[in-house]
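Undergrad: Structure provided below as structure tokens; questions to follow.
Readers should treat all values here as calculations from the given coordinates under stated rules, not as data from a laboratory. On a predicted model such as this, the values are computed, not experimentally measured, just so you know. Cβ placement follows ideal geometry from the backbone for every residue including glycine, while neighbour counts extend to all protein chains displayed.
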Amino acid sequence: MTTLFNQPLNVINVGIALFSDDLKKQHVPVTQLDWAPPGQGNMQIVEALDQLAAEPLAEKIAAANKIALERIIQSHPVLVGYDQAINVVPGMTRTTILHAGPPVSWENMCGAMKGAVTGALVF
């Protein structure tokens, strides 16, 4: 243990980025691993995930995924039309911002998403 700090450190930080941020400020090489406990620590979610990963569900899920992937690969998509989103997306208004996630209000958006929306509005 006494030799540990007598050599250059290469740190892997798991979880909260606050620790890696402080190390970076001290010019310590650090790799940030984005990790959170399964189900964010919610035991009901963990139990549900465990059930999905266990037999017989895991085998059924794998078989269904295989069929779904085969159908995607074997498909022949054809463009049948196009229009402005406001004309075809139910509930869309002139102030609706589309993104690759579920509906979310401005108050509940993370900082990165707020920045992306703000940038989209500017440009």
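Undergrad: Which of Ser75, Ser20 has the fewest other C-beta atoms within 10 Å, and how do the rest follow up to the most?
TA: With the sparsest Cβ surroundings first, the list reads Ser75, Ser20.
Undergrad: Next question, about the same structure. Counting helices only, and only those DSSP H runs with n ≥ 4, report the 222 nm mean residue ellipticity of the chain as the sum of -39,500 (n - 2.57) divided by its residues, in deg cm²/dmol to the nearest 500. Before the final figure, lay out the partial values.
TA: Details: 5 runs with 54 residues, N = 123.
Result for the chain, helices only: -13000 deg cm²/dmol.
Undergrad: Of (1) 39, 24, 15; (2) 58, 24, 14; (3) 39, 29, 17, which is the value of semi-axes √(5λ) of the Cα gyration tensor in Å derived from the coordinates here?
TA: The calculated read-out lines up with (3).
Undergrad: If the cut-off is 19 Å between C-alpha atoms, which aspartates and glutamates fall inside it for Lys24, apart from same-chain ones fewer than 8 positions away?
TA: Asp34
Undergrad: Taking the chain as a Gaussian network, Cα atoms linked when under 10 Å apart, which of Val89, Val14, Val30 shows the biggest mean-square fluctuation?
TA: Highest fluctuation of the listed residues: Val89.
Undergrad: Which of Pro102, Pro77, Pro56 moves most in a GNM of the chain, Cα contacts under 10 Å?
TA: Between Pro102, Pro77, Pro56, it is Pro102 that shows the largest mean-square fluctuation.
Undergrad: Here's something else I'd like to know. Highest GNM mean-square fluctuation, the chain, Cα pairs closer than 10 Å: which of Gly41, Gly101, Gly81?
TA: Of Gly41, Gly101, Gly81, the Gaussian network model singles out Gly101 as fluctuating most.
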